[in-house]
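Below: the structure, in structure tokens.
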Amino acid sequence: MTDALLNVINVSHSFGGLMAIQNLSFNVRAGQIKAVIGPNGAGKTTLFNLITGVIPVTYGSIKFKGRDITALKSYEIARLGVSRTFQNVRLFARMTVLENVMIGRHCRTGSSIFSAGLRLSSMKHEEKEILSDSLKILRFVGLYEKAQLIGSELPIGDQKVLEIARALATEPSLLLVDEPVAGLNDVESASVAGLIEKIRASGTTILLVEHDMKVVMGISDEILVLNYGEKIAEGLSDEVKHDERVISAYLGEEEDA
């Protein structure tokens, strides 16, 4: 696939002999929103950890923009243009909304400890750019008016948006979003879904993990379904939701609930 931004190729990962991901292969095309769904324990967050270098690949390889990133560190992968949010919001509790976004810019800074310590003009110029860029991101996600509030004191919906904003501060080509509407009401979920579509429209490719099937079916171009670490289905929304294996493993459980 010539326009694939991310290639996951025969990837497996084991925890103490237990295979959390088994021989998984799929692609993410540039410019799309691709969702990863499956029951709890299916390996969705493990997959995100593998792509971002948090845990090692046991077998197989991962390529981003044609480059093998399998053995790279998390910060190296981030610099290449892969960023993520987390299932449980991880903000810097005592920092403001603005400061939380500014810290996300660290992988795009170039000043040395020497220039920072001496407060050289290059460092001051970079600080101004970081501030300006961070405010633009807050305006983009709708948190500009809350820039000086403490991030951890925001409502959970705004906290999730702030975590997305911090991830955007790294200037990703590929953004991995882990359960962005978990715990939100319908209005908040629709707002976050709209933001994800807006991010895609701005040129960032999205890989989404989410349990809310209304959101998944509403914004995804393609859906990948995992069960016990294995791919059981992949395709367009209409194809996936009528797949008997998916209904049995996941969607049927949702309907019963």
May I ask you to list the residues in the stretch 200-238 that are modelled with pLDDT under 95, among the hydroxyl-bearing types (Ser, Thr, Tyr) and not in a helix (DSSP H, G or I)? Tyr228
Report, by residue number, each residue of the stretch 17-61 that is buried (at least 20 other Cβ atoms within 10 Å of the Cβ), hydrophobic (A, V, I, L, M, F, W, C) and more than 28 Å from Lys241 (Cβ to Cβ). Val57
Taking the options Ile206, Ile232, name whichever one is under 15 Å from the mean Cα position of the chain (by Cα) and hydrophobic (A, V, I, L, M, F, W, C). Ile206
Against the conditions (1) assigned to a loop (DSSP other than H, G, I, E, B); (2) loosely packed, with under 15 Cβ neighbours inside 10 Å; (3) not charged (D, E, K, R), where does Pro180 fall short? Just the number, please. (2)
Can you pull out every residue in the stretch 124-154 that is out of contact with any Leu (no Cβ under 7 Å at 6 or more places or on another chain) and either at pLDDT below 95 or among the acidic types (Asp, Glu) (or both)? Lys124, His125, Glu126, Glu127, Lys128, Glu129, Ile130, Leu131, Ser132, Asp133, Glu145, Glu153
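Would the stretch 239-255 turn up any residue that is part of a loop (DSSP other than H, G, I, E, B), modelled with pLDDT of 95 or more and charged (D, E, K, R)?
No: zero hits.
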I'm trying to understand the selection: among the residues of the stretch 1-12, which are modelled with pLDDT of 90 or more and either closer than 20 Å to Asp221 by Cβ or of a type in the set (Gly, Ala, Ser) (or both)? Ala4, Leu5, Leu6, Asn7, Val8, Ser12
Filtering the stretch 174-183 for residues that are in contact with a helix residue (DSSP H, G or I) (Cβ under 8 Å, 6 or more places away or on another chain), modelled with pLDDT of 95 or more and not charged (D, E, K, R) leaves a count of 5
Is it fair to say Lys160 is of a type in the set (D, E, K, R), within 17 Å of Lys198 (Cβ to Cβ), at pLDDT 95 or above and surrounded by fewer than 16 Cβ atoms within 10 Å (Cβ to Cβ)? no
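The values are calculated or read from the model by the stated rules, or taken from the named source; none is laboratory data. Remember, it's a predicted structure, so these values are computed and weren't measured experimentally. Don't worry about glycine lacking a Cβ; one is built from the backbone with ideal geometry, like all the others, and counts go over all protein chains shown.
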